[in-house]
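These notes concern the structure reproduced below.
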Amino acid sequence: MNTLPRLLRRSAALVAVLLVAACAAPPPSGAPGEFNDPYEAANRKRHEFNKRIDRTLVRPVARRVSKGDGDGTAGRVVSNFASNLSMPQAVVNHVLQGDLNNATRMTARFLLNSTFGFGGLADIATEAGLPEEDTDFGATLHAWGVGEGAYLELPVFGPSTERDAAGMVVDLFTDPLGSVLTARQANIARAARIAGKVADRGRFGDTLDSILYDSADSYAQARLIYLLNRRDELGVEAEDDFIDPYEDIYAE
């Protein structure tokens with residue numbers, strides 16, 4: 001009965017991999033460190049759309065939740081639960097990246113938090129010396145040598161790249177939990193992930209507000225921060241692959 005859905009998921013994942021392999025080329029060799037943003041006009045429109053969603057929906061809800069949360073305990077609990085749900089997918093990607101050490105550690109983390117952490121509501125694994133080492137299929141594609149591709153701003157999801165966008169599609173269709181959860185449990189998991197994002201918006205509200213609403217060009221600022229952070233996560237040396245446009249090149 002489940003053969004067709006599994007086949008469709010695998011086919012969608014394969015198509016995403018083939019697409020990213022075809023389009024996610026590295027930045028032009030003649031311009032090292034420059035932004036690879038050929039879709040800037042369309043990206044800026046999606047950025048403004050995302051800001052409207054944040055301004056009218058996400059930020060007000062996140063602020064209301066944060067005010068009612070007191071010391072932030074409820075927000076951390078929700079974030080812990082959502083984070084724990086992502087661990088099986090992270091384990092799969094660690095294996096695909098050849099990182100068996102982190103695959104083993106994240107398996108232990110998931111089992112520990114799922115059992116003694118009340119389904120992941122409490123993060124006792126970090127206290128036990130197993131901090132979260134999250135990863136995704138975008139990072140797996142990087143490990144396989146696929147280029148970053150062009151910068152993208154995705155509706156709702158925000159800053160990304162061609163490689164990371166394709167990786168996101170693969171992660172959606174290959175989440176191991178999708179094969180074991182019932183429909184009701186899957187809906188709870190999706191709601192928990194959304195609630196976790198809202199909780200994070202509340203926790204880091206001041207920082208995000210300064211980027212989106214206080215900077216002269218929020219699109220350029222978001223692009224800069226995303227690419228710097230993402231490349232740092234992937235171990236890409238910023239001085240070799242990225243030029244900070246705000247750096248004083250004449251500084252001693």
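Worth a mention:
Every residue, every condition in (1) over 29 Å from ARG190 (Cβ atoms); (2) at pLDDT 80 or above, yes or no:
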site: ASP37; (1), (2): yes, yes
site: ARG52; (1), (2): no, yes
site: PRO60; (1), (2): no, yes
site: SER66; (1), (2): no, yes
site: GLY70; (1), (2): no, no
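- Among the residues of segment 90-104, the one identified as surrounded by fewer than 16 Cβ atoms within 10 Å (Cβ to Cβ) and outside any helix (DSSP H, G or I) is GLY98.
- Filter pass, PRO60 being without any contact (Cβ under 8 Å) to a residue 24 or more places away in the chain, of a type outside the set (Lys, Arg), part of a loop (DSSP other than H, G, I, E, B) and open to solvent by 20 Å² or more (accessible area, probe 1.4 Å): no
- Residue ID - farthest from PHE35 (Cα to Cα), chosen from residues in segment 178-230 that are open to solvent by 60 Å² or more (accessible area, probe 1.4 Å) and polar (S, T, N, Q): THR182
- Only one of the numbered conditions (1) of a type in the set (Lys, Arg); (2) within 15 Å of the chain's Cα centre (by Cα); (3) open to solvent by 20 Å² or more (accessible area, probe 1.4 Å) is not met by ARG163, and that is (3).
- All conditions in (1) at pLDDT 95 or above; (2) surrounded by fewer than 21 Cβ atoms within 10 Å (Cβ to Cβ) hold for LEU172, with the sole exception of (1).
- Matching residues in segment 105-125 - criterion: being open to solvent by 60 Å² or more (accessible area, probe 1.4 Å) and in a helix (DSSP H, G or I): ARG105, LEU111, THR115
- Tally of residues being over 20 Å from THR174 (Cα atoms) and either of a type in the set (Ser, Thr, Tyr) or assigned to a loop (DSSP other than H, G, I, E, B) (or both) across segment 126-135: 6
- Search result, residues across segment 63-84 that are open to solvent by less than 30 Å² (accessible area, probe 1.4 Å), small (Gly, Ala, Ser) and either part of a helix (DSSP H, G or I) or in contact with a strand residue (DSSP E or B) (Cβ under 9 Å, 6 or more places away or on another chain) (or both): GLY75, SER79, ALA82, SER83
- For ALA216, the conditions (1) at pLDDT 90 or above; (2) part of a helix (DSSP H, G or I) are fulfilled apart from (2).
- Annotation note: Cβ proximity below 6 Å between a residue of segment 84-106 that is free of Cβ contacts under 8 Å to residues at least 12 places away in the same chain and a residue that is open to solvent by less than 30 Å² (accessible area, probe 1.4 Å) (sequence gap 6+ or interchain) occurs for VAL95/ALA103.
- Condition check for THR174: without any contact (Cβ under 8 Å) to a residue 40 or more places away in the chain and more than 15 Å from the chain's Cα centre (by Cα): no
- Among the criteria (1) open to solvent by 50 Å² or more (accessible area, probe 1.4 Å); (2) under 21 Å from ALA186 (Cα atoms), the one MET87 does not fulfil is (1).
The values are calculated or read from the model by the stated rules, or taken from the named source; none is laboratory data. Small disclaimer: the values here were computed from a predicted structure and weren't measured. As a convention, Cβ positions derive from the backbone with ideal geometry for all residues, glycine included, and neighbour counts pool all protein chains shown. When the accessible area is computed, the model is the full protein with side chains, heavy atoms only, and any ligands, DNA or RNA have been set aside. Shrake-Rupley method; radii C 1.70, N 1.55, O 1.52, S 1.80 Å.
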